[in-house]
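What follows is a short report on a single structure.
The values are calculated or read from the model by the stated rules, or taken from the named source; none is laboratory data. On a predicted model such as this, the values are computed, not experimentally measured, just so you know. When we count neighbours, we look across all protein chains shown, and the Cβ atoms used for this are built from the backbone with ideal geometry, even at glycine.
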Amino acid sequence: TDFNKDINKETLNGSIPVYAVKNTDNKLYTLQFIWDMGIRHDKKTGLALSYLDLLGTSTMTSEQVKEKFYALGSDITASANNEQFIITISGLQDNLAAAVQLTEEVLANAKPDNDALKLMVEGMIKQRTDMKKNKNVILQQAMLNYALYGKRNPFTDRLSDAEMRAVTAQELCDKIKQLATFKHKVFYYGPASAKEITTILAQKHKTS
């Protein structure tokens, strides 16, 4: 199979590339919004994407958001690595448009939750502390990164504990809302065509 031949491309709003691969096995889809900027470019946005799962909106709690996605047979996850930020929606193709609309609502209207942020940050700091005691982490990650990149490397180039504790819930929500203003691309795997997906996104996906 020539994977390149299987990829269809459309353009959304004249600037956003939409890549689609046909799923001929079932009626499930995976839709990804991908920003070619990552933790190396903006550490706080990386933290904001971890925070996204804990957030509700002005009209829904985080639990109600999860219930709505569940009712749509869909799921949303956010991830960040050194080079990319990625938001992934997946589930039943029949509910893709509604899932995109719900995603847009969460991204545009994320409501700050200081208590949730504090719990998340303290959990991350504890995890870091535990990792420092793990010999496998020290050998396979810390020392390897030091050997490859020197004193300043991807393992150490991150927000300090103090910087994480100083970040505000509003600041992270603003980072989430700003994503729509940055250049990105869309990858889709599912039963619909690239043209059909682009039509849905033109109606539901807000960009600037």
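Structure notes:
- Residues that are small (Gly, Ala, Ser) and surrounded by 13 or more Cβ atoms within 10 Å (Cβ to Cβ), drawn from the stretch 153-208: ALA169, ALA180, GLY190, ALA192, SER193, ALA194, ALA202
- Condition broken by ALA78, with the remaining ones in (1) farther than 19 Å from LEU119 by Cβ; (2) within 13 Å of the chain's Cα centre (by Cα); (3) at pLDDT 95 or above; (4) among the hydrophobic types (A, V, I, L, M, F, W, C) satisfied: (1)
- Applying a threshold of 7 Å to beta carbon distances and a minimum spacing of six or more residues, or different chains, the list of pairs starting in the stretch 35-63 at a residue that is among the aromatic types (Phe, Trp, Tyr) and ending at one that is assigned to a loop (DSSP other than H, G, I, E, B) reads TRP35/GLN84; TRP35/PHE182; TRP35/HIS184.
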